[in-house]
1. Filter the stretch 462-500 for residues that are charged (D, E, K, R), closer than 27 Å to Gln287 by Cβ and surrounded by fewer than 19 Cβ atoms within 10 Å (Cβ to Cβ) and give the result.
2. I'd like to check something: does the stretch 340-353 contain any residue that is surrounded by fewer than 20 Cβ atoms within 10 Å (Cβ to Cβ) and under 23 Å from Asp252 (Cβ atoms)?
3. Given the options Ile281, Ile244, name the one that is β-branched (Val, Ile, Thr) and farther than 29 Å from Ala479 by Cα.
4. Just the residues that are aliphatic (A, V, I, L, M), open to solvent by 10 Å² or more (accessible area, probe 1.4 Å) and either at pLDDT 95 or above or outside any helix (DSSP H, G or I) (or both), please, taken from the stretch 146-184.
5. For residues that are within 20 Å of Ser354 (Cβ to Cβ) and in a helix (DSSP H, G or I), tally how many sit in the stretch 310-343.
6. I need the helices (runs of 4 or more DSSP H) fully contained in the stretch 370-470, keeping only those with at least 1 residues that are touching a Phe, Trp or Tyr at 6+ places or on another chain (Cβ under 9 Å), polar (S, T, N, Q) and under 21 Å from Leu352 (Cβ atoms).
7. Only one of (1) within 20 Å of Trp519 (Cα to Cα); (2) in contact with a Leu (Cβ under 7 Å, 6 or more places away or on another chain) fails for His475. Which number is that?
8. How many residues does the stretch 501-533 hold that are surrounded by 24 or more Cβ atoms within 10 Å (Cβ to Cβ) and assigned to a loop (DSSP other than H, G, I, E, B)?
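The values are calculated or read from the model by the stated rules, or taken from the named source; none is laboratory data. The structure presented is a predicted model; accordingly, all values stated were derived computationally and were not measured. Neighbour counts run over all protein chains shown; Cβ positions are idealised from the backbone, glycine included. SASA here: full protein model, heavy atoms, side chains in, ligands and nucleic acids out. Shrake-Rupley method; radii C 1.70, N 1.55, O 1.52, S 1.80 Å.
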Amino acid sequence: MLQEAAHGKWTVSSSDESAEENSDSEKPSTSSLLDAARDRTSGPQYPCSEARKAAYKRKASPLKLNDKSFSADIPPPVKQKTSQEGLGWCLSSSDEEPEGQEKHAHKETLKEEKCDVVKEDPLSLCKDEKLSENRKSDKYNETPSEAQDTWDLLSGENPFRFFLTKVRGIDHRYNSGALHIKDILSPLFGTLVSSAQFNYCIDVGWLVRQYPLEFRKKPLLIVHGEKRESKAELLAQARPYENISFCQAKLDIAFGTHHTKMMLLLYEEGLRVVIHTSNLIAEDWHQKTQGIWLSPLYPRLPQGSAGSDGESETNFKSDLINYLMAYNSPILKEWIDLIQEHDLSETSVYLLGSTPGRYQGTEREKWGHLRLRKLLKEYASSIPARESWPVVGQFSSIGSMGADGSKWLCSEFQESLVTAGSSVATPLKCDVPMHLVYPTVNNVRQSLEGYPAGGSLPYSIQTAQKQLWLHSYFHKWSAEVSGRSHAMPHIKTYMRSSPDFQKIAWFLVTSANLSKAAWGALEKNGTQLMIRSYELGVLFLPSAF
């Protein structure tokens with residue numbers, strides 16, 4: 001659907017939002033693996049959103065038009081030249097997929113899942129997997145960067161350790177300094193002992209193939225939020241791989257998702273943490289704009305050190321441990337212990353996460369947008385003429401904001417984003433400009449993927465029609481500086497910039513889209529914060545650098 005107003009045309013997904021109040025997430029569908037093996041055009045071979053499934057089908061079976069029926073009055077589409085239009089900074093952005101199925105809120109016990117639950121023949125699964133992979137190999141096959149290029153990335157020339165993912169189909173110079181997942185898992189980064197992958201949408205076979213051959217049988221833990229049929233599909237995918245185990249994140253509040261995207265990589269040489277915005281599927285690492293924060297290599301602490309040793313000035317170590325403890329999973333205890341045994345003192349970013357729950361008192365400031373508010377109050381510098389410094393948000397999915405801005409966006413959420421130190425009174429929220437970057441229909445149509453890129457930009461029509469006021473904040477996607485104007489954003493970024501966009505007070509890359517489910521919403525007259533989903537990101541503040 002197209003929404004047209006003074007602010008242009010905007011892409012609105014037809015995917016239904018189960019609970020419009022909070023659902024902006026990428027909910028997996030529940031198609032059978034066996035049915036998928038019989039009909040490869042029916043959809044992708046991993047749990048994913050309804051919007052992505054629809055895009056997959058359209059790409060696999062495009063509409064064919066009869067030349068005679070095609071009106072001569074309609075000119076053929078022409079690829080328009082891009083120019084440095086509008087805002088002059090490169091914002092990469094969002095990643096959430098739509099939730100097409102309602103989630104039940106009953107509590108499930110966390111336990112390690114065995115891969116022999118499903119009875120399918122592993123040989124048959126492997127054959128189906130190879131068939132599917134062969135059909136996609138030409139399109140999605142990526143090779144790691146040259147060794148010297150990768151080594152240069154590790155040599156400290158990027159003090160922020162923030163990277164974009166490589167994009168197929170753009171000028172090669174724009175991929176200089178970018179990473180593919182195969183680069184991250186390369187032996188140049190360390191001799192892998194075991195790894196944990198936290199994510200939302202996961203293609204197990206594809207993920208295994210991203211590891212170098214010598215690491216493919218190393219222990220791999222997959223942390224996910226799937227239930228029922230989608231969970232069974234995930235377990236079936238992993239049946240051929242004896243080294244894979246699972247941790248199911250509990251989602252006790254309806255319509256929540258496990259949207260966090262993180263890698264924990266244990267090496268013989270130490271430990272590395274990767275926080276990013278990509279699902280573990282080929283499409284997300286192919287022609288989309290995605291973001292990655294890559295930690296330094298954390299060395300092991302001397303034997304006999306306390307678990308609290310090796311803390312950074314940003315408290316990253318304790319915050320990461322607290323985040324993992326929020327899963328309340330015995331399976332993750334091993335990784336918590338490993339983190340405690342390593343020195344994370346070289347970390348220069350702040351961890352900002354969301355975990356499902358209802359929080360009161362000081363617990364409210366541990367997660368979501370109140371966590372961001374606390375960090376900005378304690379560690380951000382005061383800004384001169386702050387009213388003129390806009391807040392910029394960029395994302396790939398939009399939840400329900402309510403009947404007007406006062407319901408959430410321009411009240412509690414914006415109050416968190418405009419916080420800047422504790423020495424000066426916070427300016428009135430309405431005085432601070434807010435720019436929201438979201439792709440238009442033309443952005444999608446002219447993208448490298450074409451219209452199927454819209455499958456990763458869910459915004460339900462039911463929600464959009466109820467919040468047309470939101471469109472006055474919209475700005476189209478443009479990323480000329482990084483050569484990614486035609487690579488649709490699945491990255492999510494938020495920042496506070498100077499009026500001329502030459503300086504920033506802070507910058508956040510995260511899995512959290514623009515939704516109350518991801519960031520949390522106040523309840524009970526502001527005494528309680530309710531969050532539905534798991535999210536994770538890192539905050540960059542000048543004082544930490």
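1. If the condition is that a residue be charged (D, E, K, R), closer than 27 Å to Gln287 by Cβ and surrounded by fewer than 19 Cβ atoms within 10 Å (Cβ to Cβ), then Glu480 is the only one that fits.
2. no
3. Ile244
4. Correct list: Leu164, Ile170.
5. The number of residues fulfilling the criteria is 14.
6. Helices (runs of 4 or more DSSP H) meeting the threshold: 414-417.
7. It fails just one condition, (1).
8. The number of residues fulfilling the criteria is 7.
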